Structures are given as structure tokens and as C-alpha cells.
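Below is one structure; the comments refer to it alone.
The values are calculated or read from the model by the stated rules, or taken from the named source; none is laboratory data. Keep in mind that this is a model prediction, so the values were computed, not measured. Positions of Cβ are generated from backbone atoms using ideal geometry, with glycine treated the same way; all protein chains shown enter the neighbour counts.
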Amino acid sequence: MGNKFKLGILVNSLNFGGNERSAINIAKYLPENIEVSIIVQENIGSIPFDGRVISLNLSCREGYAAKAVNSIRRLHRLKKIVRKEKFDCLFIILPVSNIINYAKYGCKKIVSCREYGDLVVHSKFYRQMAASSDCIVFNSLQQQLYFRKKYPALKSKCKTVYNILDIDNIVSMTKEQPEQKFLDFTKDKKTIISVGRFAEQKAFCHLLKSFKLISMKDENARLVMLGDGELRDKIENLIHQLKLDDKVLLMGFQKELYKYVANSDVFVLPSYSEGFPNVLIEALACGTPAVAVNCPSGPAEILSPDNPHKIKHGFRISEYGIRSMEFTRDENAWNYRSFDEAHKSFANAVLTLLQNENLRNELGRKGRQRAESFRAEPIIREWEKIFR
């Protein structure tokens, strides 16, 4: 045991989320000669994990002053844990606002950037994070290129490693039976499915307006949305304003989402920005063809790795899916009367798949092949090099 390389991976909790799943997948697939402990800020959470978990045991507090005090207490507690455990490396997967990213711990420290929009808004903070660390890891090349262009002096600290997917687990879960209300709603219909938090970044307002155009051309089209969040009331209101109450099903948050994605005709990703969207790769692994807005970053690298160029107009059928032009974040986003070229392009991209079974089958098959690129074996070797 004494000869093992000791790694600590710090995340907010082990509740369901992209960062948390990434942390668990890294811990799960690293070789046995690396002893991994996952450290959580708040609570253990609900994601099953067989490995060692250490909690800072400091729950979230309300109010600016209380949060500031809590952050300092977490920092001190983490430093004690690092000294006690004698970690060789600490990998931090926390928001850029967390002061833990900027401290030194007496061991190798690696920080991460996992969302392009956040990188653009807080680029100076990411620069400070990188400067105070041994390495900053991005989960898409587009993020790394943006950062290196802005801060060339830090380029030697930059690495890109894609997210790991548990492909075999995803495929096995596609064989499970969806809830009856999903089956009743989608029976003999053409089903479009989306997955994600009901948050501004995910641009579900634009998805609903695009779906309105789809439903006007194909009365058998149905939209299923898996997720929940702070914008649920606004989403429900927009559905009602667009008169789509009988054509959109809100299923809420689903832990076992793959059985729903696999039983749908088209998966859609309408986001303003992403990091490297796991859910898009997971949809491909399910064999469900995808339409994604060509937002920064991730969709182009996933669906069109050999030709990831910006799409200014319309949509493009790429090797592994369809990419559509970006949506605009403006004051008309939630106006149910306001439609633009991006809504038409997204709607036409989805209709192209709904109306062409051969294309759906072809992209579904190629999507499965693309998902295989994100198996653990080659990616975990990159992580091991970085940690060591």
C-alpha cells in the first residue's frame, strides 16, 4: 500500500451530474497501483460508488457572509485531509468561483475547465487557476484552443482529455422498459427527446419554439423532455402559450435515462454552450441519431471531428449526426411569437431525420461507432500520465 500513488479527486457531491459521473468514471478505471479517494464538499450523494469517499462535512449555507466563511472552513479542512492522507496529486473539479481552486496543498494540483460559456465569462479567473496549478485540463479542444490563444504563456500547462463513458452499462440499460406514461404518449408517434437541467444555458425555450414549427409540418411528432430545474414554470408556460400541451411530455429528472433515449427517434441538444456534453455521446451509444446546435464547445468535435467548422446558416448532415446553426441569447428568447432562422434550421434538421428512416438508421449505426471512441481504455491512459 505504501508504494501506491495516492490521488484525491475533489467534487461538490456525488449527486447525479456530469462532473460527478466523470469523477467516478476516472476513479473506477484507473489501475490498481493508483489509490483513489473521492472527496466531496457537501454530502455523499446518490450516485453508487464502491470506492473510498471522504466528506468535508460542511453543508451549503445561505447568505453571502455565511458562504464566504463556509468556503474558508472547507479550504482549511481540505488542507488537513491532504496532509493526513499524503496525496501525491489532488484533482479539483469545482466551479471557478470556489477558492479551493487557487490554494496550494503541498502536492501536485490539477484544476479543470468543463464549460465553454463559463470559460469565456470568467477567463481571468481560469488564468489564475492555471497559474497556481501544475496543469489545467479541458474536456474539449475548442476550450483549450480558446484559452491558449488568450493566455499563450500558460499553454504548457494545458491538456485536453475527453470524458469517459461506460458504454457497456449504457447499452445494457437501453434494454429496460420505460415508464408506461412514456409508452402511451409515444405510441405510433415520432418521438423527439431532450435531456438536461431546466437552466438558461440549455436553451429549451428555443427547442420548444423549433418544435412548434415541427409540429405544424408533422402532426405525429411528439417531444419528451427529461429534466427539471429552476425554469420549469417558464417552460410549462411557454408550452401552453405555443399550444403544445398535448404534444410535449415533461418526464422530470430520470436517473435511468437511456431506456427513454433508446426508444426515441431523434435526440436533440439545443444549448447555448456546453463543455463536452456527455448526454450527446450517451445518445449516440443508445443508437439514437442526434441533432445538435453547433454551439461551443463539444458538438462539432463529437459529430464532425474531421470537419468541426462553424455553421453560419441552415444545418449540415455530418458523419455522426446533424449540426444546426446556433441559437441567439436575446430578449426574444422566451417570446412565443418570435421565430428566427435558427428555429427554422433546427426544425428542418429534425424533420429531415423524422421523415427519412434510412438516414436515421445510418446515423444511428455510425453514432454507435463514434461512441466507442469514448471507452475508458485509451482515455484513462491520458489521465494516468497527467496525474503522475
Worksheet item: Is it fair to say ARG61 is surrounded by fewer than 18 Cβ atoms within 10 Å (Cβ to Cβ) and either at pLDDT 80 or above or among the small types (Gly, Ala, Ser) (or both)?
Response: no
Fill in: Residue that is nearest to the chain's Cα centre (by Cα), among those in segment 137-182 that are closer than 22 Å to CYS89 by Cβ and of a type in the set (D, E, K, R)
LYS159
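Here's the yes/no breakdown for (1) surrounded by fewer than 19 Cβ atoms within 10 Å (Cβ to Cβ); (2) of a type in the set (Val, Ile, Thr); (3) at positive phi; (4) not assigned by TED's automatic domain parsing to the domain that holds ILE34:
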site	(1), (2), (3), (4)
LYS67	yes, no, no, no
LYS80	yes, no, no, no
CYS89	no, no, no, no
ILE92	no, yes, no, no
SER97	yes, no, no, no
Fill in: Tally, over segment 99-116, of residues that are buried (at least 19 other Cβ atoms within 10 Å of the Cβ) and either part of a helix (DSSP H, G or I) or touching a Gly at 6+ places or on another chain (Cβ under 7 Å) (or both)
5
Fill in: Verdict on SER133 being in the same structural domain as ILE9 (by TED's automatic domain parsing), at pLDDT 95 or above and part of a loop (DSSP other than H, G, I, E, B)
yes
Worksheet entry | Within segment 317-388, helices (runs of 4 or more DSSP H) holding 1 or more residues that are closer than 17 Å to PRO289 by Cβ and in contact with a strand residue (DSSP E or B) (Cβ under 8 Å, 6 or more places away or on another chain) | 341-354, 357-371
Discussion item. Looking at segment 297-309, can you tell me whether even one residue there is over 20 Å from ILE167 (Cα atoms), at pLDDT 95 or above and exposed (fewer than 13 other Cβ atoms within 10 Å of the Cβ)?
Written reply: no
Worksheet entry | segment 191-218, residues that are out of contact with any strand residue (DSSP E or B) (no Cβ under 9 Å at 6 or more places or on another chain) and assigned to a helix (DSSP H, G or I) | GLU200, GLN201, CYS205, LYS209, LYS212, LEU213, MET216, LYS217
Practice prompt. Please list, ordered by first then second residue, the pairs with beta carbon atoms under 7 Å, 6 or more apart or interchain, first in segment 164-190 and part of a loop (DSSP other than H, G, I, E, B), second at pLDDT 95 or above and surrounded by fewer than 16 Cβ atoms within 10 Å (Cβ to Cβ).
Written response: LYS189/ASN220
Practice prompt. Would you check if LYS108 is in the same structural domain as LYS157 (by TED's automatic domain parsing), under 20 Å from ARG388 (Cα atoms) and in contact with a Phe, Trp or Tyr (Cβ under 8 Å, 6 or more places away or on another chain)?
Written response: yes
